[in-house]
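Report on the following structure.
Values in this text are rule-based calculations from the coordinates and carry no lab data. Note that the structure is a prediction, hence the values are computed from the model and not measured. Using ideal geometry, Cβ is built from the backbone for each residue, glycine included, and neighbour counts are taken over all protein chains shown.
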Amino acid sequence: MKSMKKILGCVSIAALSATMATSASADVNVAYFLEWATPNQIAKVEKTYDKAMGEKVNWINFASGTAMTEAMLSGDIDIAFSQGLAPFVNAVNANAPIKMVGVAVVYGGANDCIVSNASGITKENATELEGKSVALPLNTMADFEFRMTMTNLGVDVKKVKLVDQEPADAAVSLVDGAVAMACGYGENSLSKMKEAGKPMLSVPEKTEAGINSFDIISVTEKFVQENPEAVKTFMEVTEQANADFAKDQSKIAIIAGDAGLSVEKTKSQMAGFSFPSAEVQLANYFNDGGKVAEMLPFMGKMFATEASPAKDDYSTVVDSSFLK
Amino acid sequence: MFDFLFEYRGLIVGTIFIALIATVIWAIFYGRNLIRTERTDAVFGNPERALGGWHWVITGVSAILIVWIYFSWDAARAFNPKAANELCQVGKLSSAINPIRSTFPLDDGFLKGTSLLVRENKQLNGLADQVERLGFSDAEKSKAKETIDLMRKAIIGMTSPEFLDSATDAKFKEIVSKIDGLTSKLADQNYPGDPTAEQIAAAEKNPRWGDSGNEIPAAPASPRGYKFDAAAKEMKTIATDFSKIRNNNSNFLAQVEKLKGQIASLDTLVQASPGTDELLVANRADFVKGLTRVLRRVDDGNIFPPDALNNVQSALVNLDKEQKNQQGGLRYYDALMMPGGEIRAGSNSCSEQGSGRWLPKPSDTLRTFARISDPEIGYKGYPLLWYKMKPFGEMVDFIVPDFISSLVPGHYPRHDTNGIVTPNFKSKVRDFATGNFESFKVPMPSGHVWDSLLRVLAGLFFGIILGVPLGLFMGLSRFSKGFFDPLIELYRPVPPLAWAPLILTIFGIGDDGKIFLLFMVAFAIMVISARTGATGTHLSKIHAAHSLGATNRQILRKVILPNSLPEILTGIRIAIGVCWGTLVAAEMLAGTTGIGFVENVARKQSDYEIIWTTIIILGLLGLLFDLMMRWVIDKFIPWRGKG
C-alpha cells in the first residue's frame, strides 16, 4: 500500500513537471493540415523556420480548422497555417481573439462537390437533388462550397437532406450509393469520391460563378502583440518557400512525404492550388474592396447563428502589415 | 416565451444563488443534528446506514448548481451587470500595454533583450562548433572565425551603454514621459473630460452583458470606462512609438556594414573552392546562410544596454499600480466573482476567456434550451422533441413486409386502352403492405431527442434479447463457453468508435448502423453479466431443487434465472449508461438527426450554450433511465443481496 502511494506520488509529480515544462517553453507552435500540400512544407522539413526565427517551431497537425481555433484559444497554438475561412469566420463571430495575417492557399478544385454517377444528376437537372441526401462536413469550407453551388444552380438547400460527415466518411457514403452527392476536401478523400462520380461544377465554371476559396494564416492576438518580429519572419519564410518552389519543383517528394500523400496526388492537388505572393495579396486580397474585404462579411452572414451573430466590421481582425 | 423571465434574470439568478448557498448551510446543520438525534445502532458496513439522507441529495444538487453559477460568472453578472463592460475597458488598456509590457520581465521570464542575446549567442556557438567540421581551408577557417568574433562584438556594441546614441536615449525618455503623463492622467479625476455625444450614443446602444451573441458590450458607458478607454487609445500610440525604437548607434551600424562585407567575402571564398562532397558543400552553404540569418536578426536592433530601459520599466510599473488603483473595487470583484478566467479585449470585441467562455451561464443555457425546444425553431430545422401527425399507413408499411404481395398468385393489373387501371387483389395487397392507402393520422413523437432515444432503446433491446440467453447458456454449457468465449472476449475490449469506419460501409448512413454500434456495446455487457449471474448461483440451491425432483428446465427457470436476475439488471443499468456514452460517437458517423448530431454541429461553431444543452439532456435522460432501473430492481427482485 505504501509503495502504491509512492508510485502515485511520483507519477503525479512527473505529470506536473511535464505540464510545467511544456507551458514554460518559448517555442512557436504552428497548426497545419495533413493531406494539404503546400511549398512551405519544404521549409518545415528543412527547419528553415526554426533557423530563421531562432526558436524551435513545433508543427502540430489538426483535423479541422475549428480544432485549430480551440487550440489557439487555450494557448497551445500561436499560428494556424492554412486555416479555412469558414472556421476563422465562425471563431470571429464567437468573439475569439484571433487575427488574419495573410493568405496561405488559393484553390479552385480542392474543395469540391462530387455528384455520383448512379444518381444521373448533372448541373442541368441539379434540382433533382431536392429530397435526396448529400454528405458534407457542416460549417466548413466544403459547406460554403455546397451552398454557393446550390444557389448558383437554383437548388433549394432546405429541401436537400444534409448528412454531416467528415470528407473521408462522406467519400465512403458516396461510393456506397448512400448519398447522391458528397462535398469535401483533402486529396485522398476527393479522389475516392471521384471514383464514383464527377464534380458538379468544373473549376472554370466555379470561377465564373464567383466561387473561389482561400485558406488563411491566422495568429492569436496575444502572440502577434508580443512577437511581431516572429510573425514577420514566419511570413517571410513562407513567401520565400513559395517563390523557391515556383522556380524549382524538384523537392515535391518532401512535400508529398510531409503531407502524407503520394507524389502523383500531391502533383494533382497542387495543380489546383496557387500561392499568391505578398505583392499579389496586398494588391488583390487585402486592398480596399479586395477579396478579403468582400468574403469575410459574406461568410460571416452565412454562418451567423443566434448565439454568434455576424459582426458589423471585419476589418479589425485583418492585419496585412506583415506582408509589407 | 421565457424572454419575459430573461428580462429579470439578474434578480432571479441572484436570488437563486443566495438561496442555494443558504440551502447547503441549512442541510449541513440539519445533517449534523440528525446524526446527534439518531438512535439506531447500525454498525459500520451495514447498508442501513446509507438509507435516507434526502437532505444530502439537495445539498449535492445545490453544490453543483452553485459551482456552475459561480464559475460561469452568472453570479457575477447577476450582482453587477455593468462589471463586464468596465472590465472590457480595463482589458483594452492592458491589451494596449501588452506590446511594451511583454519586453520586460514583469510577469515571468527574462528581459526580451536578454533572451534575444542568449538565443543569438547560442546560435553563434553552434556555428563556431561547425567551423572545424566543415572541411574549410585554413584561410576560410580564419575568415569564418573572424566573422563570428565580429558578430559577437557587434552584439556587444549594442549592449554596452557607452555606444548607445543620445537620439535613442532621448526616445526612451520621451516614452517614459508619455507613460508618466498617462499615469498622472489616470489619477486625474476629470480625465478624459465629459464624454462626447457620439460616445453617449454608443453607450446607450450597448446591449446588456450577454444579451446578444456579442457577449460583452464594448463601448464605454461609465466614468471609469471612459477613462480606461481613453487611456487605452493613448497607450496604443505610445506602444507603436516604442516598438519603432531601434538600437541604431553608429558604432553598431558600422559593424553591421563591415559584417555584411565579411559574410559576402566568405561566401565568395566558399563558393570559389566548392570541393567534391555534395553534402559538405550544402552544409557549408548552410553555414554561411546561418551567419546571414543571425546578422539579419541582430540587425533588427532589438537589443539594448541592460539598464537602458529601466526607466521605461519603472514608468510601466507605476502605470500598472495606478490603473489597478483606478480599478478600485472592480479588481476585487473580478478576482472574487469571476474565477478561472478573465475578460480579454480583442481587436473587434471583448470576450470572456477561461471558464466564462466554455462554461455558459445557466440562465443563458436555459434560454437557449427554451429556444431550441420551440418546435418551430428546433435545431437545423428539426425540433428537439415534438410530435408529428403520421398516417397510420406508414406504420403498416413498417410492420408488414412488402414481399407478401409477391406471394399472391396472378399479375399486377395493366392499364387499359382508356388509360384506366382496375386494381385487383394482388395490387390491393401491395398497396396495403406499402402503406399506400387512405388512413387516419396518429400523433407520433419526433425530434432529435426522440431519434436518439429510439436508437439507444433499439440497441439495448437487441442486446438484451440476444445477450442474456447467450450469457446464461455460456454459464451452463461447456460447449458454448468454450466456443463463444474467445469471440466475445476478443471483441468486447474494442472501443466502439474503432468499429465506426466498418459500420459506415456495411450499413450506410441509416439508423441501422448506429443501432448496430449500440447493440455491440450492450450485447457484450449483457453476455458477461448474465454469465456471471448464472455461474454465481449457489450450488446448494441447485442441489436442493434437483433433489426435490425438478427438471433441467425447471432448475433453469425457477432457480438459475431468478438468481442471475440481479446481475442481469445491474448489467442493463451499466449498458444503458455505456450506450448513452457511445451515442455521440455513433451519431458522428453520419449526422442527420439526434443529440449527438446537434453537439457535433454546434462544436464547429464553438456554440457552447448548445453544447452544454446537449450534455445536460444526455445527463438527464441517463439519470432518468437509471432511476427507472433502480425502481425496477427494487420492485421486482427484492431478494437482491439477500441470498
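How far is the Cα center of region B:298-314 from the Cα center of region B:587-643, in Å?
Taking the Cα centre of region B:587-643 as reference, the centre of region B:298-314 is 59 Å away.
Calculate, for residue B:440 and residue A:132, the FRET efficiency according to 1/(1 + (r/R0)^6) with r their C-beta to C-beta distance and R0 30 Å; round to the nearest 0.05.
0.50
Once you keep just the Cα pairs under 8 angstrom separated by 6 or more residues, what percentage relative contact order results for region A:111-209?
That works out to 42 percent.
Set Lys and Arg Cβ to +1 and Asp and Glu Cβ to -1, take the dipole of the protein assembly as shown about its Cα centre, and tell me which of B:502, B:471, A:322 lies farthest positive.
B:471
Given A:179, A:153, A:168, which one lies farthest toward the positive end of the charge dipole of region A:143-198, if we put +1 on the Cβ of every Lys and Arg and -1 on the Cβ of every Asp and Glu?
A:153
Specify the residue with the greatest mean-square fluctuation among A:33, A:214, A:298, computed from a Gaussian network of chain A linking alpha-carbon atoms under 10 Å apart.
Looking only at A:33, A:214, A:298, the largest GNM fluctuation is found for A:298.
Pull up the cross-link candidates among the aspartates and glutamates for residue A:265, meaning alpha carbon to alpha carbon under 16 Å and not fewer than 8 places away within one chain.
Cross-link targets: A:35, A:112, A:187, A:195.
Mind checking which lysines have their Cα closer than 18 Å to the Cα of residue B:390? Skip sequence neighbours fewer than 8 apart in that chain.
B:441
Over 20 Å between Cα atoms: which of B:236/B:321; A:44/B:260; A:47/A:251; A:161/B:388; B:171/B:244; B:143/B:289 fall into that group?
Result: A:44/B:260 exceed 20 Å.
Note the full-extension length gain between residue B:289 and residue B:497 as 0.36 nm times their separation in residues minus their Cα-Cα distance, in nm to one decimal.
Full extension from residue B:289 to residue B:497 adds 70.0 nm.
List, in the order given, every pair from A:99/B:185; A:123/A:159; B:541/B:635 whose Cα-Cα distance in the structure shown is over 25 Å.
A:99/B:185
Among DSSP beta bridges lying fully in the protein assembly as shown, give the percent that are antiparallel, nearest 5.
70 percent
Using 0.36 nm per residue of separation minus the Cα-Cα distance, give me the extension gain between residue B:138 and residue B:325 in nm, one decimal.
60.9 nm
Going 7 Å from the Cα of residue B:480 in the Cα-to-Cβ direction, what parts of region B:500-536 have a backbone nitrogen less than 17 Å from that spot?
Within reach of a label on residue B:480, which here means backbone N under 17 Å from a point 7 Å along Cα→Cβ, region B:500-536 contributes B:523-536.
For every helix of n ≥ 4 consecutive DSSP H residues, a contribution of -39,500 (n - 2.57) applies; sum these over chain B, divide by its total residues, and give [θ] at 222 nm rounded to the nearest 500 deg cm²/dmol.
-22500 deg cm²/dmol
For the pair residue B:246 and residue A:294, what calculated FRET efficiency results from E = 1/(1 + (r/R0)^6), where r is the Cβ-Cβ distance and R0 = 41 Å, to the nearest 0.05?
My answer for the efficiency is 0.65.
Sorting B:268, B:417 on the 10 Å Cβ count, fewest up front, what's the list?
With the fewest neighbours first, B:268, B:417 line up as B:417, B:268.
Just grab the label-to-label distance for residue B:15 and residue B:146, each label 7 Å out from Cα along the Cβ direction, in nm (one decimal).
Placing both labels 7 Å along Cα→Cβ, they lie 8.7 nm apart.
Can you sort B:171, B:205 by how many other beta carbons sit within 10 Å, fewest first?
The most exposed by this proxy come first: B:205, B:171.
Straight distance only, please: which aspartates and glutamates reach the Cα of residue A:132 with their own Cα at less than 15 Å, same-chain residues fewer than 8 apart left out?
The qualifying aspartates and glutamates are A:156, A:164, A:176.
Could you compute the FRET efficiency for residue B:395 and residue A:316, with r as their C-beta to C-beta distance and R0 at 60 Å, rounded to 0.05?
Here the calculated transfer efficiency is 0.60.
Just name one of B:71, B:346, B:166: the one whose Cα is farthest towards the positive end of the charge dipole of the protein assembly as shown (beta-carbon charges, Lys/Arg +1, Asp/Glu -1).
So the residue furthest toward the plus end is B:71.
Which entries of A:194/B:380; B:92/B:324; A:56/B:141; B:82/B:227; A:56/B:112 show an alpha-carbon separation above 21 angstrom in the structure shown?
From the list (A:194/B:380; B:92/B:324; A:56/B:141; B:82/B:227; A:56/B:112), the Cα-Cα distance tops 21 Å for A:194/B:380; A:56/B:141.
Find how much the distance from residue B:190 to residue B:35 grows on full extension, using 0.36 nm per residue of separation minus their present alpha carbon separation; answer in nm with one decimal.
Answer, rounded to one decimal: 49.7 nm.
Once you average over the residues of B:80-87, how many Cβ atoms of partner chains fall within 10 Å of each Cβ?
If you average over the peptide's residues, the count of other-chain Cβ atoms is 0.
Let me have the relative contact order for region B:388-446, percent, based on Cα pairs under 8 Å that are six or more residues apart.
Rounded, it is 57 percent for region B:388-446.
Tally Lys and Arg at +1 and Asp and Glu at -1 over the other residues with C-beta under 14 Å from the C-beta of residue B:325: what net charge comes out?
Its environment carries a net charge of +3.
From Cα pairs below 8 angstrom and at least 6 apart in sequence, can you work out the relative contact order of region B:1-103, rounded to a whole percent?
Value for region B:1-103: 38 percent.
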